[in-house]
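Here the structure is laid out as structure tokens; the discussion comes afterwards.
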Amino acid sequence: MDAIAEIEAAPSEAALHEVKVKYLGKKGLITQQLKELSLLPPDERRTAGARINALKQQLEAAIEARKAALERTALERQLATEGLDVTLPGYQFPVGGLHLLTQVINRVTEVFKSMGYEVVMGPELETDDYNFKLLNFPDEHPARDTQDTFFMTDGRLLRTHTSPMQVRYMQTHRPPFKVVVPGKVFRNEAVDATHEAMFHQLEALVVGERVTMADLKGAIEEMAKALFGTAARTRLLPTYFPFVEPGAEFSVWWQNPKSGKEGWLELGGCGMVHPNVFKAVGYEGVTGFAFGFGLERLALIPYGIPDIRYFYNGDLRVLRQFRGAL
Ligand code: YSA
């Protein structure tokens with residue numbers, strides 16, 4: 001069999017390689033002939049050299065062509081066995097979604113951003129000073145009992161509210177400003193349908209010259225209208241927090257268009273920043289208001305969720321209902 005026929009008959013890439021070595025390898029027939037050229041008389045050497053080189057090129061081209069043909073056949077065989085059947089039914093990839101609380105937090109912070117508030121975050125592990133003392137809860141103050149929490153051995157604690165960020169923010173900024181702080185808070189709580197040991201609050205703080213209680217009421221009213229519609233109403237009832245004077249709890253009148261249920265939804269606390277808090281951060285000649293409320297509370301009633309624990313037990317049957325709720 002001549003060389004070209006051998007190449008064209010090579011059944012695999014390995015066999016083709018063997019033929020290539022046989023003719024063009026270091027000890028191959030063609031290589032050998034090229035080496036032996038020097039033994040020929042000079043006048044024969046040139047024609048013999050040209051002939052052998054032409055043959056070499058012919059073999060190289062034949063090898064390339066056979067290699068391409070073998071690759072094509074292998075690919076065709078692979079496609080025939082592994083081919084994609086586009087008529088087969090596909091399967092659906094699971095699609096995730098934002099947790100209802102994440103949606104609520106995003107929505108509420110968007111509302112405040114649209115009213116010109118800056119959004120900041122604070123540490124969840126706090127010192128007693130920020131969580132209590134600088135907020136006018138001295139040691140042994142009875143109001144500390146309303147916010148028991150979890151303590152580290154070094155005296156730090158899991159913050160019981162987002163209010164410590166009022167002090168942290170004021171220590172590093174000069175008024176006037178408007179700021180909100182969403183985040184996780186913790187309490188040593190007997191967990192039930194409306195109380196969790198970990199929940200979320202949103203704090204708002206506005207400080208400037210001549211900020212009044214009317215501004216506080218207006219801010220709460222604006223937030224309620226943006227969240228619950230223009231018919232929403234709000235009310236303040238006097239109450240006590242050490243870091244405000246006067247202090248109030250605030251509620252929003254809400255109506256569920258689906259169930260027709262309505263009522264006062266008590267959201268959180270508010271008031272005018274206490275002079276002792278301003279003294280602790282070295283502010284003079286300004287006034288301010290603050291409020292803070294539970295974000296679970298905000299989501300619980302309007303969405304008809306009967307138990308706060310549903311937010312955290314990871315039951316997909318609950319979570320799926322609120323994919324893209326807002
Ligand atoms: C008051 C005055 C200000 O100027 C600023 C902020 C505040 C709020 C204050 N820091 C505070 O934490 N008040 S609070 O103890 O009454 O909690 C506020 C809200 O958090 C409650 O109205 C409720 O909506 C929610 N909350 C409290 N304990 C909870 C809870 N939500 C779920 N589980 C719990 N265990």
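Which residues, taken from the range 163-197, are near the ligand (Cβ under 10 Å from one of its atoms), farther than 21 Å from ASP129 by Cα and touching a strand residue (DSSP E or B) at 6+ places or on another chain (Cβ under 8 Å)?
Passing the criteria: GLU189, ALA197.
Output the number of residues of the range 202-244 satisfying the condition of being near the ligand (Cβ under 10 Å from one of its atoms) and either touching a Ser or Thr at 6+ places or on another chain (Cβ under 6 Å) or assigned to a strand (DSSP E or B) (or both).
Residues flagged as near the ligand (Cβ under 10 Å from one of its atoms) and either touching a Ser or Thr at 6+ places or on another chain (Cβ under 6 Å) or assigned to a strand (DSSP E or B) (or both) within the range 202-244 amount to 6.
Mind listing whichever residues of the range 19-30 are over 16 Å from ALA61 (Cα atoms) and part of a helix (DSSP H, G or I)?
Passing the criteria: only LEU29.
Under the condition of being in a loop (DSSP other than H, G, I, E, B) and under 15 Å from THR102 (Cβ atoms), which residue from the range 306-321 is farthest from the ligand (Cβ to nearest atom)? If you could, list the steps in order and put the result at the bottom.
From the range 306-321, those in a loop (DSSP other than H, G, I, E, B) are 306-307, 312-315; that's our starting set.
Keeping just the survivors that are under 15 Å from THR102 (Cβ atoms) gives 312, 314.
Numbers: TYR312: 11, GLY314: 18 Å.
The qualifying residue farthest from the ligand (Cβ to nearest atom) is GLY314.
Is it the case that the range 295-305 has a residue that's within 13 Å of the ligand (Cβ to nearest atom), touching a Gly at 6+ places or on another chain (Cβ under 9 Å), modelled with pLDDT under 95 and of a type outside the set (A, V, I, L, M)?
Yes, there is a match, as at least one residue in the range 295-305 is within 13 Å of the ligand (Cβ to nearest atom), touching a Gly at 6+ places or on another chain (Cβ under 9 Å), modelled with pLDDT under 95 and of a type outside the set (A, V, I, L, M).
Taking into account only those residues within the range 140-159 that are outside any loop (DSSP other than H, G, I, E, B) and under 32 Å from the mean Cα position of the chain (by Cα), which is surrounded by the most Cβ atoms within 10 Å (Cβ to Cβ)?
For the range 140-159, the residue satisfying everything is LEU157.
Touching a residue at least 12 places away in the same chain (Cβ under 8 Å), within 27 Å of PRO275 (Cβ to Cβ) and assigned to a loop (DSSP other than H, G, I, E, B): is that true of PHE137 in this structure?
Taking the combined requirement at face value, the residue satisfies it.
Quick check on the range 278-287. Is at least one of its residues in a strand (DSSP E or B), modelled with pLDDT of 95 or more and closer than 30 Å to LEU135 by Cα?
yes
If we scan the range 94-103, do we find a residue that is under 30 Å from GLY294 (Cα atoms) and touching a Leu at 6+ places or on another chain (Cβ under 6 Å)?
Yes; the residues of the range 94-103 include at least one that is under 30 Å from GLY294 (Cα atoms) and touching a Leu at 6+ places or on another chain (Cβ under 6 Å).
Enumerate the pairs (first residue in the range 164-189 and closer than 19 Å to PRO275 by Cβ and among the β-branched types (Val, Ile, Thr); second residue anywhere and surrounded by fewer than 18 Cβ atoms within 10 Å (Cβ to Cβ) and modelled with pLDDT of 95 or more) with beta-carbon separation below 8 Å, excluding pairs fewer than 6 apart on the same chain, so at least 6 apart or on different chains.
Matching pairs, first to second residue: VAL167/VAL281.
Looking only at the range 265-294, count how many residues are more than 8 Å from the ligand (Cβ to nearest atom) and either of a type in the set (Val, Ile, Thr) or under 34 Å from the mean Cα position of the chain (by Cα) (or both).
Result for the range 265-294: 6.
The values are calculated or read from the model by the stated rules, or taken from the named source; none is laboratory data. Just so it is clear, the model here is predicted, and its values are computed rather than measured. Positions of Cβ are generated from backbone atoms using ideal geometry, with glycine treated the same way; all protein chains shown enter the neighbour counts.
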